[in-house]
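Visitor: Handing you this structure, nothing more for now.
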Amino acid sequence: MSDASLNNPVLGNAAAEPYDSNFSDYFALLKPRVMALVVFTALIGLIAAPGSIHPMIGFCAILFIAVGGGASGALNMWWDADIDAVMKRTRNRPVPSGRITGQEALGFGITLTGFSVVMLALATNLVAAGLLAFTIFFYIVIYTMWLKRWTPQNIVIGGAAGAFPPMIGWAAATGTISIESLMMFSLTFMWTPPHFWALALFTQQDYDNAEVPMLTVTHGRRSTRIHILVYTLLLAALAIALAYTSVGGPIYLVGALLLNAQFVRGAIGIWRRDEEASQADRFLTERKFFKASLLYLFAHFGLIGVEALLAPFGLGGW
Amino acid sequence: MSLSRQHEMHNRRFSRNLGLGIVLAAFVALVFGLTMVKVKTDDFTVPLSQEVN
């Protein structure tokens, strides 16, 4: 880029201000916070898998899965720039704020997609690379381009994209898909709807403005509260059942029982409340549930990791 | 007229170039390390076509 970019009108109102994106702008395109979840769950999938993997290959696998997740984030920001621009939560992202153009985000995302899939195939195996490619395709084409603006079930089906990383980690170590990796997938898949619906309850105006058909907009807030409770109950059953697979064990079971008791209690609290009570305390219960949901997922995968790490000492597992 | 004053844009550009340089150097090191691990594993075999040559 030449110094002609001093007059680049990318910034809209700030057109008079010169701008040339820096490294951190590109890093922000990768959605680092989402990437942290991807890295963590993929790592747990990798270490919970039977057999052993060389640490260098394991490191490369996690890195390329993370880069693939970041590529999805960049492509999502390219396509959703119009939505991001009207939502308070997302208007400072690099594309809507003008720090990076949509075309740059597109090129960056496509390049990283090809890079991450090819490198994962070379470092591990074709099953893991195929799953990563499918995850990116699912997140961008099925969720971002199609479902997100079309159906209130967008979060339910789109949640699958965020649920694949532990399966990819498992496949990187074993080259296969198994009931354990499918259940780890299901854990994140079932967790996603209550997590995002709780967020939608206290950021309703954002989704209204962006015309995204969230459940709160299309079916109303009462229906959303019922949905949160139903999905939380299903999630709790699944999370506890996971304790009885080869990746679970008594430590996981005790932790899962406590976490799910608290989570179901939170969901009942949301279900029992009406809008008047919620607005009176500025959605305190919904905000607490949303925060607890973050801990919930990290703790479950953390417990699976603890079981896997204790197994060599004869302590983990059944 | 002197153009020596460093514009803030140049700082951002430098940060981007430096970051990219570090990423590329890390990638070279990563590929080297990965290659060494791969060729030292027990199941590594030289492709038949290269053995003939």
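The values are calculated or read from the model by the stated rules, or taken from the named source; none is laboratory data. The structure presented is a predicted model; accordingly, all values stated were derived computationally and were not measured. As a convention, Cβ positions derive from the backbone with ideal geometry for all residues, glycine included, and neighbour counts pool all protein chains shown.
Visitor: What residue, among those in region A:98-107 that are in contact (Cβ under 8 Å) with a residue 60 or more places away in the chain and surrounded by fewer than 21 Cβ atoms within 10 Å (Cβ to Cβ), is farthest from residue B:34 (Cα to Cα)?
Guide: Restricting to residues being in contact (Cβ under 8 Å) with a residue 60 or more places away in the chain and surrounded by fewer than 21 Cβ atoms within 10 Å (Cβ to Cβ), the top hit is A:98.
Visitor: Sticking with this structure for a sec: Got a sec? Which of A:147, A:182 is assigned by TED's automatic domain parsing to the domain that holds residue A:75 and either free of Cβ contacts under 8 Å to residues at least 60 places away in the same chain or over 28 Å from residue A:84 (Cα atoms) (or both)?
Guide: A:147
Visitor: Pull up region B:37-51, narrow it to residues that are more than 8 Å from chain A (Cβ to nearest Cβ) and of a type in the set (A, V, I, L, M, F, W, C), then point me to the one that is nearest to residue A:63 (Cα to Cα).
Guide: B:39
Visitor: Need at least 1 residues that are under 15 Å from the mean Cα position of the chain (by Cα) per element, so show me which helices (runs of 4 or more DSSP H) inside region A:20-113 make the cut, counting only ones lying wholly within it.
Guide: Because the criterion is at least 1 residues that are under 15 Å from the mean Cα position of the chain (by Cα), the helices (runs of 4 or more DSSP H) in region A:20-113 that meet it are A:23-29, A:32-48, A:55-79.
Visitor: Considering region A:165-209 alone, what residues qualify as being at positive phi and either within 12 Å of the chain's Cα centre (by Cα) or crowded, with 24+ Cβ neighbours inside 10 Å (or both)?
Guide: none
Visitor: Within region A:229-318, which helices (runs of 4 or more DSSP H) (wholly inside it) include 2 or more residues that are touching a residue at least 40 places away in the same chain (Cβ under 8 Å), surrounded by fewer than 19 Cβ atoms within 10 Å (Cβ to Cβ) and under 23 Å from the mean Cα position of the chain (by Cα)?
Guide: A:284-310
Visitor: Would you please name the residue that is modelled with the lowest pLDDT, looking only at residues in region A:172-216 that are outside any helix (DSSP H, G or I) and hydrophobic (A, V, I, L, M, F, W, C)?
Guide: A:212
Visitor: For residues in region A:115-129 being within 14 Å of another protein chain (Cβ to nearest Cβ) and not in a loop (DSSP other than H, G, I, E, B), which is surrounded by the most Cβ atoms within 10 Å (Cβ to Cβ)?
Guide: A:120
Visitor: Only one of (1) more than 14 Å from chain B (Cβ to nearest Cβ); (2) crowded, with 23+ Cβ neighbours inside 10 Å fails for residue A:92. Which number is that?
Guide: Residue A:92 satisfies all of (1) more than 14 Å from chain B (Cβ to nearest Cβ); (2) crowded, with 23+ Cβ neighbours inside 10 Å except (2).
Visitor: I've got another one for you. Just one of A:162, A:158 is in the same structural domain as residue A:126 (by TED's automatic domain parsing), at pLDDT 90 or above, in a helix (DSSP H, G or I) and under 12 Å from the mean Cα position of the chain (by Cα); which is it?
Guide: A:162
Visitor: Please specify each residue of region A:23-59 satisfying the condition of being under 21 Å from residue A:302 (Cα atoms) and within 12 Å of another protein chain (Cβ to nearest Cβ).
Guide: Passing the criteria: A:52, A:53, A:55, A:58, A:59.
Visitor: Is there any pair linking a residue in region B:7-26 that is at the interface with another protein chain (Cβ under 9 Å from one of its Cβ atoms) to one that is part of a helix (DSSP H, G or I), with Cβ under 6 Å and at least six apart or on different chains, and which?
Guide: Taking only residues 6 or more apart or on different chains, the pairs are B:15/A:23; B:16/A:23; B:19/A:23.
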